[in-house]
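Heads up: the structure comes next, in structure tokens.
The values are calculated or read from the model by the stated rules, or taken from the named source; none is laboratory data. This is a predicted model, so every value here is computed, not measured. Here the Cβ is made from the backbone with ideal geometry for all residues, glycine too, and neighbour counts use every protein chain on show. Surface areas here come from the heavy atoms of the whole protein model, side chains and all, with no ligands, DNA or RNA. Shrake-Rupley method; radii C 1.70, N 1.55, O 1.52, S 1.80 Å.
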Amino acid sequence: MNIFILGHGAWGSAVGQVVGKLGHEVTYVSHLDKAWPSVAPDYILIALPVQRVRETLEHFPAPGVPVLSLSKGLEVKTGQRVSQIVTEVWGEPRVAALSGPTFAAEIAAGLPAICTIAAQSEDLAKEFQAILHQPSFRTYSSTDLLGVELGGALKNVYAIAGGACHGLKLGQSSQAGLLTRCLAEMSRIGVQAGARAETFAGLSGIGDLMLTATSKQSRNFRFGTMLAEGLAAEEILPQLGGVCEGLPTTLSVHLNSAIPADSKPIVTQLHAVLYKGVPILKAVQNLLGRAARDE
């Protein structure tokens, strides 16, 4: 199989190694390229920052082959998931998404990892399993494309919150409580959007949240930690070594009027800190000071 990977950063390169181990021909395409390589692809994998996906796809003619998104996030100006952008720009309905607890450096080192590949068509999800699944990169299939993409996007938001809790030295009890409520909020947002609740109990939900919201390998977690330590966003971003997808995703979820404010209190307070200048300790007080309620 000829596999094109659109995006040649750490994550795209790591997944390219996985695909290459199964004997597939991997070709990396930069977002700066103006045309596809001369050889025809069998599949396209997208590994781009989400806010750059649309403009990049518009530079290339529709390839007419199935597409797998490796990117996690929501477009700010539309609130769309990557699969929706692909279908809108390229007119391609055969779109799947890969998500789960994975760090690029560990995948590149050949360490074992487990993830989910989701598509509305079970057959399409299994097609992509066939070009990726191996002992060091175990994949599960799902038909809840909406839920898997939302889990992958929202966990970046909550990873900033987890990093902030760590940076404020609020303790492990607070950290565990916060992440539990993050999972509840993630599930609530997803179910209201039409996703399946059980998806958020899987690899693309709690699995990715546990990893990204607790590890210093996570750029979103490090951003939250440094924010809590008093650094401004413009001071933090150059130190991360890559994109902090949680920033634009927080804005996108906050602006989505279809999600009531009382369904997303953590997102609301994080947005106030990131975009309205509310002190981070005040945001913590706002969350902890809410009235008692049923779990």
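Return only the number of the condition from (1) in contact with a Pro (Cβ under 9 Å, 6 or more places away or on another chain); (2) in a helix (DSSP H, G or I) that Val243 does not satisfy.
Condition (2) is where Val243 drops out.
For the range 35-53, check the following and say yes or no: at least one residue is buried (at least 17 other Cβ atoms within 10 Å of the Cβ), over 22 Å from the mean Cα position of the chain (by Cα) and either assigned to a loop (DSSP other than H, G, I, E, B) or of a type in the set (Gly, Ala, Ser) (or both). Working first, answer last.
As a first pass, look at the range 35-53 and keep what is buried (at least 17 other Cβ atoms within 10 Å of the Cβ): 41, 43-51, 53.
Retained after the next criterion (residues that are over 22 Å from the mean Cα position of the chain (by Cα)): 41.
From the residues that got through so far, the ones that are either assigned to a loop (DSSP other than H, G, I, E, B) or of a type in the set (Gly, Ala, Ser) (or both) too are 41.
The answer is yes; a qualifying residue exists.
Against the condition more than 24 Å from Cys115 (Cα to Cα) and either surrounded by fewer than 23 Cβ atoms within 10 Å (Cβ to Cβ) or modelled with pLDDT of 95 or more (or both), how does His24 come out, does it pass? Quick ask: steps written out before the conclusion?
Values: more than 24 Å from Cys115 (Cα to Cα): no; either surrounded by fewer than 23 Cβ atoms within 10 Å (Cβ to Cβ) or modelled with pLDDT of 95 or more (or both): yes.
Answer is no for this residue.
Which of the residues that make up the range 1-21 are open to solvent by less than 50 Å² (accessible area, probe 1.4 Å) and either part of a strand (DSSP E or B) or among the small types (Gly, Ala, Ser) (or both)?
Hits for the range 1-21 are Asn2, Ile3, Phe4, Ile5, Leu6, Gly7, Gly9, Gly12, Ser13, Ala14, Gly16, Gly20.
Would you check which residues across the range 78-124 are in a loop (DSSP other than H, G, I, E, B), touching a Pro at 6+ places or on another chain (Cβ under 7 Å) and β-branched (Val, Ile, Thr) and list them?
Listed by number, the list is empty, since nothing qualifies.
What number of residues within the range 23-56 are over 26 Å from Gln217 (Cβ atoms) and of a type outside the set (Val, Ile, Thr)?
16
Write out, first by first residue and then by second, each pair whose Cβ atoms fall under 6 Å of each other, whose residues are 6+ apart or on separate chains, and whose first residue, in the range 238-255, is among the aliphatic types (A, V, I, L, M) while the second is not in a helix (DSSP H, G or I).
The qualifying pairs are Val243/Pro49; Leu251/Val76.
Considering only residues of the range 122-135 that are under 21 Å from Glu106 (Cβ atoms) and open to solvent by 30 Å² or more (accessible area, probe 1.4 Å), which is farthest from the chain's Cα centre (by Cα)?
First pass over the range 122-135, keeping only residues under 21 Å from Glu106 (Cβ atoms): 128-129, 131-135.
Still in the running and open to solvent by 30 Å² or more (accessible area, probe 1.4 Å): 129, 133, 135.
Values: Gln129: 19, His133: 20, Pro135: 23 Å.
Going through the qualifying residues, I end up with Pro135.
Please name all residue pairs, on different chains or six or more residues apart, with Cβ atoms under 9 Å, provided the first residue is in the range 138-149 and is over 12 Å from Ser69 (Cα atoms) and free of Cβ contacts under 8 Å to residues at least 60 places away in the same chain and the second residue is β-branched (Val, Ile, Thr) and open to solvent by less than 10 Å² (accessible area, probe 1.4 Å).
Pairs that qualify, where the first residue is over 12 Å from Ser69 (Cα atoms) and free of Cβ contacts under 8 Å to residues at least 60 places away in the same chain and the partner is β-branched (Val, Ile, Thr) and open to solvent by less than 10 Å² (accessible area, probe 1.4 Å), are Thr139/Ile117; Ser141/Ile117.
Conditions tested, residue by residue: (1) farther than 18 Å from Gly20 by Cα; (2) of a type in the set (D, E, K, R); (3) modelled with pLDDT of 95 or more.
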position: His59; (1), (2), (3): yes, no, no
position: Leu70; (1), (2), (3): no, no, yes
position: Val95; (1), (2), (3): yes, no, yes
position: Ser121; (1), (2), (3): yes, no, yes
position: Gly147; (1), (2), (3): yes, no, yes
position: Ala164; (1), (2), (3): yes, no, yes
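For the range 201-239, what are the residues that are buried (at least 20 other Cβ atoms within 10 Å of the Cβ) and hydroxyl-bearing (Ser, Thr, Tyr)? I'd like the intermediate steps shown before the answer.
Going residue by residue through the range 201-239, those that are buried (at least 20 other Cβ atoms within 10 Å of the Cβ) are 202-209, 211-213, 218-228.
Hits for the range 201-239 are Ser204, Thr212, Ser218, Thr225.
Looking at the range 8-29, I want the residues that are farther than 20 Å from Leu57 by Cα and have a partner that is aromatic (Phe, Trp, Tyr) and surrounded by 14 or more Cβ atoms within 10 Å (Cβ to Cβ) with Cβ atoms under 7 Å, at least 6 apart or on another chain. Which pairs are those?
Partner pairs satisfying both residue conditions: Val18/Phe137.
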